[in-house]
Amino acid sequence: MTSDRLARWVFLALTILFVFFIIYASWTPGSERYDVGRRYFKGFEHPHTLLRVHSLRDIATNVLLYVPLGVFLALAVARRRARFLTPWIFVGTLVSVIMEVGQSFIGRHPDLVDIVTNSTGHVIGYWVIVAGVRFYGLDPVVFLGLDTGDKQDAKTQSIAALRFVYICIYGLIALLPFDISVSLSKIYAKLFPDELGEVRIILDPLYHLSRWQQDGLKLTLELLGLVPIAALTAALRGIRGRLSVFPPIYTCLWVAVACEAAQVFILSRTTDIAMIPLAALAGVVGWALIKTWFDLQKVDTQRERTGEEANWRPVVVALIGYGLVILFLAWSPFQFETDPKAVARKILSESNLIPFKEHFTVRSLPTAIDIVKEAGIFIPFGILVSYLLVELIPAASRSRIVLLTGLVSLAFAAIVELSQAVSIGRYIDVTDILLAGGGGMCGAVFLRLFRFGKTGPGPEG
């Protein structure tokens, strides 16, 4: 099987798996049971019963849920014929209609608005990938690291496309939940504390210093959200032999400024001047990570030529350092439970041991974003683990490296979740462990895309 066909089958499989994920999310039983023939079709006889006023957060959640479906489907079918107008954009509508009909049997309300918002999310995801293929040279083959040839130009195009896709998703999340207003009075009101004491337009760069205990985790996550943009920008420059700290900085700056300016008009979002220095810091961090990565690969290349023994110290130090970052995020705000009985009670009665139960029993925008965050934070972890495994087991196939990386990520995530039993306000959730395993495996797949000195893991698997 050629790499091209294999990539199409991989993304087709991911599309099918994500449809099952949507089924699980959409068909979580409700608390009541409805007469399908009477209630469901009556709703379409009187559409106003379905087109009622919806929560914008619920609408945003429905949009976000179907974006990955469009992304996976486009990667599977749009490489050869990347068209914005194609019958494939109606797949999301078909899946959504089936989900809504099925909800009539499990005590949930079928809703025409959900069909519209789900279809919109699918189209957004599909069109983002089509734009990447047509205008940025996105190639799913290299994107998955399946091309064994030394095609630096193909890698450059794929990294550029990956950056484009990431910026699009980052911008979409920044605009959620779409409660847009151009009313000057409402925008002006965001300068003052609301009923919860929160200011929505922060113009004081030192505002968070007195609130670090409450805002420290949020700012850290904002920083981590911008670092991939900086790292991908630095990688592009490094491939072309022009690695510099300035392009990652100003790329992060214009993305942050554009998103913060847009959030002035999003009533529930906060526009924060602190994002400007945070974006500059993210640029430096991303540049430093890629510079270290390139230096490490240069050392590996020289070592291969001279036959020297491998030096695992830099990778191990980086892995330990990033593991500590994950623990920092998991333990924040560092308030710990000292009563062993309370810890045991939390483990036995307050743990979420059914995957996605807490996420989909009551769907919400924060839980949808949390799913993306939990998987994404383990992608760098997976890259580092797989890099180390390739050095330790040079003859291992790619599939074995990916599987082992997933298992290591699962094991570390399980330790992190268990440690949260002693952290006040934190709970054990098996969903986070599964997402970490998936994120780690994605990192192992991405490794080949970011290896420039070698062809990657051993024989094809």
Summed over the other residues with a beta carbon less than 15 angstrom from that of LEU327, with K and R at +1 and D and E at -1, the charge totals -2
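In what sequence, highest mean first, do 116-124, 315-323 appear when ranked by Cβ atoms within 10 angstrom? Spell out each step's value before the answer.
Numbers: 116-124: 22.2, 315-323: 14.8.
Those peptides, ordered most packed to least, come out 116-124, 315-323.
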Search the structure for amide H atoms under 5 Å from the amide H of SER423, placed 1.01 Å from N in the peptide plane, and list their residues when 5 or more places away or on another chain. GLU337
Gyration tensor on Cα atoms of region 140-273, a ≥ b ≥ c root eigenvalues, a/c under 1.5 rounded, else prolate if a/b beats b/c, else oblate, says prolate
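Give the order of LYS186, LYS341 when sorted by the count of other beta carbons within 10 angstrom, beginning with the fewest. Intermediate results must be reported in sequence, preceding the final value.
Working: LYS186 13, LYS341 8.
Sorted ascending by nearby Cβ count, the order is LYS341, LYS186.
Readers should treat all values here as calculations from the given coordinates under stated rules, not as data from a laboratory. Values in this document were obtained by computation on a predicted structure and should not be read as measured data. Using ideal geometry, Cβ is built from the backbone for each residue, glycine included, and neighbour counts are taken over all protein chains shown.
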